[in-house]
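Working notes for the structure below.
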Amino acid sequence: MQKDKAFETVKQQLTTKRYEHTVRVTETAVQLARHYRLDVTKVELAAILHDYAKYRDPEEMKRWIIMEKLPHDLLEYNEELWHGPVGSKMIERELGVDDPEIQSAIYWHTTGKRHMNLMDKVIYIADYIEPGRSFPGVEEVRQVVYEDIDKACWMAARNTIRFLMSKNQPVYPDTFQLYNEKLGRNMNA
Ligand SMILES: [Fe+2]
Ligand SMILES: [Fe+2]
């Protein structure tokens, strides 16, 4: 799928605000892809499509989780977490995008996980640091991302866990695993 067609497609699926977020995530992801010598076209398409499922009806997403045999424990967590895994399947079935790397990056963009590949990391962190974000601690993450993307992902997971815990919200286990995976060398960060 070409870039222009992809933008056009997601524009119809998203609110104006979320579409603008998508444009910024794409710009950020492309810069990171160039820096880390990834396939820019592929990363760009993953970024454009990353929130494709964001505004689908939760009941519809629930059906996809069951139908596509996605982990059923997702249903015990906030609906916010569903659009990544569901989106990774929807882009294949509805748009014919069946690239496993693109699908993996979209699948994990909200929770992160341990053993992410470089493209997973780029989409995860681009979504977290795009210029419209103002989470506490995001500036620190922006400062390290071009030197150490693993540290940036770890910091993003740590900040997300802190935020969710401060609100007494559940944390998806894969986010904890991302945090734990890199804890050893970031103990003093
Ligand atoms: Fe998202
Ligand atoms: Fe997003």
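Data for the structure
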quantity: Failed criterion for residue 78 (all others in (1) at pLDDT 95 or above; (2) more than 11 Å from the chain's Cα centre (by Cα) hold); calculated: (1)
quantity: Residue within the stretch 61-70 that is over 17 Å from the mean Cα position of the chain (by Cα), closer than 21 Å to residue 85 by Cβ and among the aromatic types (Phe, Trp, Tyr) present; calculated: yes
quantity: The stretch 1-53, residues that are in a loop (DSSP other than H, G, I, E, B) and either under 15 Å from residue 109 (Cα atoms) or within 13 Å of ligand 1 (Cβ to nearest atom) (or both); calculated: 14, 15, 50, 51, 52, 53
quantity: Residues located in the stretch 86-115, provided they are polar (S, T, N, Q) and either in contact with an Asp or Glu (Cβ under 7 Å, 6 or more places away or on another chain) or assigned to a loop (DSSP other than H, G, I, E, B) (or both); calculated: 103, 104, 110, 111
quantity: Output for the stretch 53-87, where each listed residue is within 16 Å of ligand 2 (Cβ to nearest atom) and closer than 15 Å to residue 13 by Cα; calculated: 53, 54, 55, 56, 61, 83, 84, 86, 87
quantity: Any pair with Cβ under 6 angstrom, 6 or more apart, that starts in the stretch 46-67 at a residue that is without any contact (Cβ under 8 Å) to a residue 40 or more places away in the chain and at positive phi and ends at one that is of a type in the set (S, T, N, Q) and within 12 Å of ligand 1 (Cβ to nearest atom); calculated: none
quantity: Residue under evaluation residue 181, criteria (1) within 21 Å of residue 73 (Cβ to Cβ); (2) at pLDDT 95 or above; (3) of a type outside the set (S, T, N, Q), criterion not met; calculated: (2)
quantity: Residue tally, condition aliphatic (A, V, I, L, M) and farther than 22 Å from residue 2 by Cβ, over the stretch 95-146; calculated: 8
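The values are calculated or read from the model by the stated rules, or taken from the named source; none is laboratory data. On a predicted model such as this, the values are computed, not experimentally measured, just so you know. Reconstructed Cβ throughout: ideal geometry from the backbone, glycine too, with neighbour counts over all protein chains shown.
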